[in-house]
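A short reminder: the numbers here are calculations on the coordinates, not readings from a lab. Bear in mind the structure is a predicted one, so any value in this text is a computation, not a measurement. Positions of Cβ are backbone-derived with ideal geometry, glycine not excepted, and every protein chain shown enters the neighbour counts.
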Amino acid sequence: MNRTKKESRRRIHLRVRKKVNGTAERPRLCVYRSNKSIYCQIIDDVTATTLAAASTHDEGTNNGNKIEQAIAVGKVIASKAKAAGIENVVFDRGGYLYHGRIKALADGAREGGLKF
């Protein structure tokens, strides 16, 4: 049986989630990438709540090419996390390769002051 790209990513994401779990001290920074946009959330898995969220639909993050947008989203999520009192997170790449826009978002979040 051939798997679609979406099914394969979902299986990889489940495999990653076996090891990556967010707590109140170190919540999970989860990333979703679509063709046009990139979204991220900081999630506390113990209480199943979203503590902060950012995407390319936010103000000031949709300028430039997709890599530049991902860096801007990373900086925005870092500033929202700082406002919520979060400094350390666990990075959940969402079944995507740590490459391109996913890496750019992570680098932007690190520039913004998040540690992972």
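Here is a yes/no grid of residues against (1) free of Cβ contacts under 8 Å to residues at least 24 places away in the same chain; (2) in contact with a Lys or Arg (Cβ under 7 Å, 6 or more places away or on another chain):
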{"site": "ILE38", "(1), (2)": "no, yes"}
{"site": "LEU51", "(1), (2)": "no, no"}
{"site": "SER55", "(1), (2)": "yes, no"}
{"site": "GLU59", "(1), (2)": "yes, no"}
{"site": "ASN62", "(1), (2)": "yes, no"}
{"site": "GLN69", "(1), (2)": "no, no"}
{"site": "LYS80", "(1), (2)": "no, no"}
{"site": "ASP92", "(1), (2)": "no, yes"}
{"site": "LEU114", "(1), (2)": "no, no"}
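Could you check segment 46-61 and list, in sequence order, the residues that are surrounded by fewer than 17 Cβ atoms within 10 Å (Cβ to Cβ) and touching a strand residue (DSSP E or B) at 6+ places or on another chain (Cβ under 9 Å)?
Of everything in segment 46-61, those that are surrounded by fewer than 17 Cβ atoms within 10 Å (Cβ to Cβ) and touching a strand residue (DSSP E or B) at 6+ places or on another chain (Cβ under 9 Å) turn out to be THR49, THR50, ALA53, HIS57.
Could you please find all residues in segment 51-88 being in a loop (DSSP other than H, G, I, E, B), out of contact with any helix residue (DSSP H, G or I) (no Cβ under 9 Å at 6 or more places or on another chain) and aliphatic (A, V, I, L, M)?
Result: ALA84, single match.
Taking the stated definitions as given, is ARG101 more than 29 Å from LYS5 (Cβ to Cβ) and either of a type outside the set (A, V, I, L, M) or surrounded by 14 or more Cβ atoms within 10 Å (Cβ to Cβ) (or both)?
It is false that ARG101 is more than 29 Å from LYS5 (Cβ to Cβ) and either of a type outside the set (A, V, I, L, M) or surrounded by 14 or more Cβ atoms within 10 Å (Cβ to Cβ) (or both).
Has segment 40-50 got at least one residue that is out of contact with any Leu (no Cβ under 6 Å at 6 or more places or on another chain), in a loop (DSSP other than H, G, I, E, B) and at positive phi?
yes
Out of segment 3-13, which residues are surrounded by fewer than 10 Cβ atoms within 10 Å (Cβ to Cβ) and not in a loop (DSSP other than H, G, I, E, B)?
Within segment 3-13, LYS5, LYS6 qualify.
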